[in-house]
Structures are given as C-alpha cells and as structure tokens.
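*Asks:* Please find one structure pasted underneath; my questions will follow.
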Amino acid sequence: MNINFTYLPGDGIGPEVGEAAIEVLNAVAVKFGHTLEPEHHLVGGAAIDAGEKPLPDASFESCQRTGAILLGAVGGPKWDHLKGEDRPELGSLLPLRKRLNLYANIRPCKPYPALIERAPLKRERLEGVDFVVMRELTGGIYFGQKGRDTRGAFDECLYSEAEIRRIAIKGFDLAQTRRKKVTSVDKSNVLETSRLWRETVIDVAKDYPEVELEHLLVDAMTMHMLTRAQDFDVILTENMFGDILTDEASVLCGSMGVIPSASLSDGKTGMFEPIHGSAPDIAGQGKANPLAMILSAAWMLRLSFGLKVEADAIETAVANALEQNQTTGDLGGKLNTSAVGEWIAANV
Ligand code: IPM
Ligand code: MG
C-alpha cells in the first residue's frame, strides 16, 4: 500500500518527535512491504516564521487531499504576542479541525503497567483503568462568536442538536465495541447547551439498548475520575469539558508523553497528534519523549489506512520499550529522542 499522508511537524518539540515517528513508519513500511509518502508541510509558528499564514494554503490543500494528517504540536511563547487568528492555535489547529469537519476527538486512558508508579494516585485506583474520552471538537464555546464590547468580553457557546447527535452516535458506536457503557458529561444544572446535550444523548441511547448510559455533571466528573476511574468506558462530552478532562485523564497514565489522539470526521479522514503540546522549554535538546507521536502514527495506520497488524506492531514495540526502560529521561530512561525512535523502529 502507498501510505500517503500529510506530515505537519509544527513547533517546539514537534519536529523532533515527528522525526522519530517517521523513522518508525519507515521501518514499518520496509517490514510490511508498503511505501511511505509523507507530504511535509508548515503549520503554526513555523509557518509564521517562514512568512506565511499559520495554516498555509498548500498545507491545507495537502491535508484535504490525503485525508490523513500526522501533526506534532503548534504554538509557543514566541508567538504569544499575536492576537486572534494570527496565533498558531487559533489560526491553524482550530481551522484544521473545523474545515476538515474533524468533530470526533478520541483520547485514550489506559495506564501502562510500567508507568503506574509514576502516577500520583495509589496503584489500586489505577489498575484496570481503561476508558476513552470522546470529545466533541468542532462546536461549542471554541467556535462561537467572540469579542469585546462595552459590557466586557464574551465567548458564545452554541450547539445544534445535529452536532450533539453525531458525536453521541460516535460515542455509542465506540462503546458497543468495548465494555458497553457511556458516561455523558455536561453541566445541565446551569447551561442550556448542556440541557440540549443531555436530551439528545438520551434520545440517541434509545438505539443502543445494550449500552448502559450514565450522566455526570462536569464538576463531579473531575472527582469521579480520581476516585473510580475503573468504572468508565466511554466518556462522552462537549468541546471545552473534553479539553479539561483529557488533561486530567493524562495524569492517571503517569505521563502526558505517551498519549496519542485521533480527530475524526465521517469516513476515513483523520488527524493524529499527541495530546501534549510543543514543550518549548525542552525543544531542540533531544529530551522530548516521542512515544505519544509514535503511537499517533500507529493510530493513523489503523484508522486512516486500515493497517491493523502494522499498528499493533508499533504499539507492542512501545509497550516493550516501556518495560525495558528504553525511554527518555522523563520516564526514567537514558535515551534521547531519536534513540527512542531508533529502538522502536528496530523492534517493530
Ligand atoms: C488540545 C489543546 C488545544 C485545545 C489548544 C492548543 C487550542 O489544548 O488539543 O487539547 O484546547 O483543544
Ligand atoms: Mg487541551
């Protein structure tokens, strides 16, 4: 197969972890008889520095055409003085999500045995944890009207029933392939969008009689995630709550550096990126942990190209690297970023 995708390394540690992931993909291509055809493009601050818009037309055109995107990270203090859509995040990441209709963002939480000691919770609260967050990614407060007027500043939060319905269907479909439980998170005691959210989720649930549905308010959810994380299977929630809860979930895994994500549309179009940011403080030093980026590449193979065996091979090699301490310093290992990539590449 020709694995043709758009590669957007972006800013900070993005290019370093990206290079490690490309090395692993190359090894997979050789081993399984595929060809690898990454289309390398600028995005975020890197594009701004090259005199372009945060999302250059050529980059977007490639994303649209390949329908499979591997993204490092965007943003950093260097571009913090910029405003609105001149900023890397608002000018590249959010339009990519919106214009490609990547409304379903999936972030897993399944602590690796080798990392449980690194998490701040007691072992008995982490063993057996295995949930995914299904975060709505193209609506809500991120994309409403924003502005300032004589009253102050405002950010509109709007959800249509159709937007809620399609993400709820994704959540229930996923639950059906797992432990058959959906926990829908909202703030329906205060927000009207949350009341529509809850009504719509209840309606969608009627088509999935074998899936258990639970509702939690988002403030309570932040506690339940720490006290009974084992109870969750699919956590279904709107854009901003999902942003916040997935950072909390990453703490259960002992490190942000090992969590990939997929942002999916209908069909096979998908963008794959680590949940961590551009980590400008350690950029360019070879210290960055590339595992989340390597796992994101595995997810791309599985979800955009249907290459299940290849994806499994990468994930097994990553688990082995963790078991054998072939990791960067943040996880207690002695390797630099590219050496981790080389180890995984040699072990797929
Ligand atoms: C994330 C990030 C982004 C978000 C930022 C960089 C805009 O925090 O992907 O979780 O808030 O969605
Ligand atoms: Mg976030």
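*Asks:* Limited to segment 65-85, what total is found for residues that are touching a helix residue (DSSP H, G or I) at 6+ places or on another chain (Cβ under 8 Å), surrounded by fewer than 18 Cβ atoms within 10 Å (Cβ to Cβ) and not in a loop (DSSP other than H, G, I, E, B)?
*Replies:* 4
*Asks:* Could I ask something else about it? So ASN347 clears everything in (1) crowded, with 20+ Cβ neighbours inside 10 Å; (2) more than 20 Å from the chain's Cα centre (by Cα) except one condition, right? Which one?
*Replies:* (1)
*Asks:* Where the second residue is within 14 Å of ligand 2 (Cβ to nearest atom) and not in a helix (DSSP H, G or I) and the first is free of Cβ contacts under 8 Å to residues at least 40 places away in the same chain and lies in segment 237-266, which pairs have Cβ atoms under 7 Å and are six or more apart or on separate chains?
*Replies:* Pairs that qualify, where the first residue is free of Cβ contacts under 8 Å to residues at least 40 places away in the same chain and the partner is within 14 Å of ligand 2 (Cβ to nearest atom) and not in a helix (DSSP H, G or I), are MET256/ILE275; MET256/HIS276.
*Asks:* OK, next. Are any residues in segment 220-247 more than 17 Å from GLY140 (Cα to Cα) and within 10 Å of ligand 2 (Cβ to nearest atom), and if so, which ones?
*Replies:* The answer is ASP247, and nothing else.
*Asks:* Among the residues of segment 99-127, write down those that are within 11 Å of ligand 1 (Cβ to nearest atom) and more than 22 Å from the chain's Cα centre (by Cα).
*Replies:* none
*Asks:* Looking at the structure I just gave you, is ALA311 in the same structural domain as GLY67 (by TED's automatic domain parsing), of a type in the set (A, V, I, L, M) and either under 28 Å from THR66 (Cβ atoms) or touching a residue at least 24 places away in the same chain (Cβ under 8 Å) (or both)?
*Replies:* Taking the combined requirement at face value, the residue satisfies it.
*Asks:* Right, here's the next one. Would you please name the residue that is surrounded by the most Cβ atoms within 10 Å (Cβ to Cβ), looking only at residues in segment 150-177 that are over 14 Å from ARG198 (Cα atoms) and free of Cβ contacts under 8 Å to residues at least 12 places away in the same chain?
*Replies:* Going through the qualifying residues, I end up with ASP173.
*Asks:* Go through (1) over 29 Å from GLY18 (Cβ atoms); (2) surrounded by 17 or more Cβ atoms within 10 Å (Cβ to Cβ); (3) among the hydroxyl-bearing types (Ser, Thr, Tyr) one by one and return the number of the condition SER255 breaks.
*Replies:* Condition not satisfied by SER255: (1).
*Asks:* For LEU96, state whether it is within 12 Å of ligand 1 (Cβ to nearest atom), closer than 30 Å to HIS215 by Cα and surrounded by 21 or more Cβ atoms within 10 Å (Cβ to Cβ).
*Replies:* no
*Asks:* In addition: Could you check segment 126-140 and list, in sequence order, the residues that are buried (at least 18 other Cβ atoms within 10 Å of the Cβ) and within 18 Å of ASP247 (Cα to Cα)?
*Replies:* Within segment 126-140, LEU126, VAL129, PHE131, VAL132, VAL133, MET134, ARG135, GLU136, LEU137 meet the criteria.
*Asks:* Okay, next question. Would you check which residues across segment 88-102 are within 20 Å of PRO274 (Cβ to Cβ) and outside any helix (DSSP H, G or I) and list them?
*Replies:* LEU100, LEU102
*Asks:* Go over the candidates ALA262, ALA279 one by one and state the one that is within 16 Å of ligand 1 (Cβ to nearest atom) and on the phi > 0 side of the Ramachandran plot.
*Replies:* Being within 16 Å of ligand 1 (Cβ to nearest atom) and on the phi > 0 side of the Ramachandran plot holds for just one of ALA262, ALA279, which is ALA279.
The values are calculated or read from the model by the stated rules, or taken from the named source; none is laboratory data. Keep in mind it's a predicted model, so treat the numbers as computed, not measured. Backbone-built Cβ (ideal geometry, glycine too); neighbour counts: all protein chains shown.
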